[in-house]
Structures are given as C-alpha cells and as structure tokens.
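K.L.:
One structure, as structure tokens, below. Some questions next.
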Amino acid sequence: MTAPVPLIAGNWKMNGLRASLSEAVAIAEGAKEAKGRVAICPPSLLIHQMCEMLAGSRVLVGGQDAHWDDFGAFTGDVSAQMLKDAGAQMVILGHSERRTGYRETDEIVSRKVQAALRAGLEPIVCVGETLEERNGGRALPVVTDQVRGSLPAELTGKPFSVAYEPVWAIGTGLTPTTAEIEEMHRAIRATLKEKFGAAGEGVAILYGGSVKPSNAEEILHAAEVGGALVGGASLKATDFLAIVNAL
Ligand code: PEP
C-alpha cells in the first residue's frame, strides 16, 4: 500500500462572500507547484462559482457538511449529491463545531460519510478530544473510538481522510506538542489498520487546530501527519500558501 499524497485543506467555515473568491484564485495561482494536494472548503453558496473559477487549476473544492440522505424533507440542509452536482470533490464531515453545536454523534457522522462516498465525494472525517478529556488522560481512547464509530464498516476502495483536530486547539492559537500529535496520529493509524486491514495505510491523517505559517513546517513533517486542515489561516491566500509551501 503506497503512502497517501498529503493534503492541505482550507476550511473557510461561515466566512467569505463572493468577493472572497479572489483569494481562492490567488491560492490556485500560488499552489501551481505545490508538493501535495490542495483544497478549499468554502460556504456551500460559493462552491459552484468557485469550481467554475478554479476549473483547470489543481485546487480541489469541498463542502463543510452534508446530510446523510440524498434528497428529502430536510429544510435548510444540503446533501452530498448536491455538493457533487455543484462541482465539489470533497466534504468535511464531523467537524467539532457540528458535533458540539448540532449534536452530531459518531453514528450520524458515519451515515454522512456513507452518503458522501455514495455521491462520489472524498470525505475528510474530523475527530478530536476536548481539553477536559485530554486533561483526564482520555484523549487516545476518545479519539480512537470516534474513528471506529464515525467510519463505515467497509470502504469500497474510495478515498477519504481523517483529520485529527483537538477541540481545544481549534481557533485558540494552542497546539499539542509534536510528540502528542505523533502519538495520536500513530494511534489513529493503528485503529484504521485494525478496522480496514492494509487499506488503513492508504488513508491520509491530517492535523488541524491552529496551524499557521509559523508552525506548519514542524507539524507537517511530524510522523504520520499526512497534511493539514486549516481554519483561520486559510482565509488569506498568503497565509494559506505559506502553509501549502511548508509541505
Ligand atoms: C478548523 O476549524 O478546522 C480549524 C482547524 O481551525 P483553525 O485552524 O482556525 O484552528
């Protein structure tokens, strides 16, 4: 099993208007020589236009969430099929802001992952412990349980990534030590292999949580780190490209 190509994905969250598409164009321009894959996940209303503007570039476009059903009476929701139809290639699922703010359980995340794979999207499945769980010495079992519960039993060979995002590191400027990141990524790798056998080696494990130009190089070169999911620092092309170039 060959190692996965590293991925740097930007999560714009609920930020960005159509004017922000110029940042995406600047990212595409600056990412031409990137050593890995690069993705931007804007709010869903920008996906279609961003895909058109970035057509022919190497930057992939993704959603930030998707419903577990393909269509139906779910007012306000967007399905994976719709993201695909708008041009998206990937989707973030199980972000801690969804797990906390919308009470998404591992089971819900797993159903969303299946919907994304059905639609032909590449899921980025987020897991991570709270500060209380880390301080209580429970970070490893909490996160590995999330990995077990948030992924479907079988993979059907379609690609996906896991993003380890400690909840306490998101948007706070705090990050785990490199040793803590490596310990967690090794535990996630072992869990993926236990669940999927050799295919678990082919899954990129991204780190997310306060990645910025000043810490990107160290984090991206840590053992078992296969890229990054970047929030705040993905909104400005210069910052995001500095992270992409740290690969
Ligand atoms: C995120 O929300 O996925 C994230 C990693 O945010 P930030 O980089 O701002 O901590």
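A short reminder: the numbers here are calculations on the coordinates, not readings from a lab. In this text, all values refer to a predicted model and were calculated from it rather than measured experimentally. Please note: Cβ atoms are built from the backbone with ideal geometry, for glycine as well, and neighbour counts cover all protein chains shown.
K.L.:
Within region 104-136, what residues put their amide N at less than 16 Å from the label point 7 Å along the Cα-to-Cβ vector of M14?
P.N.:
Counting only backbone N, you get 104.
K.L.:
Here is a further query. Explain nothing, just the number: dipole magnitude of the chain about its Cα centre with +1 on each Lys and Arg Cβ and -1 on each Asp and Glu Cβ, in debye rounded to the nearest 20.
P.N.:
Here the size comes out at about 280 debye.
K.L.:
Give me P(r) over region 67-132, computed from all C-alpha to C-alpha distances, binned every 5 Å, as integer percentages.
P.N.:
The calculated distribution, bin by bin, is 4, 18, 28, 25, 15, 5, 3, 1, 0.
K.L.:
Same structure, new question: Could you list which residues have their amide H under 5 Å from that of A228, counting only those 5 or more apart in sequence or on another chain, with H placed in the peptide plane?
P.N.:
Those lying under 5 Å, H to H, from A228 are L7, I8, A9, Y207.
K.L.:
Which percent of the Cα-Cα distances in region 164-247 go past 14 Å?
P.N.:
Summing the P(r) tail past 14 Å for region 164-247 gives 61 percent.
K.L.:
Which of the GluC sites (Glu not before Pro) found in region 1-89 are loop residues per DSSP with 15 or fewer other Cβ atoms within 10 Å of their Cβ?
P.N.:
Counting only loop positions with at most 15 other Cβ atoms within 10 Å, the GluC sites (Glu not before Pro) in region 1-89 are E33.
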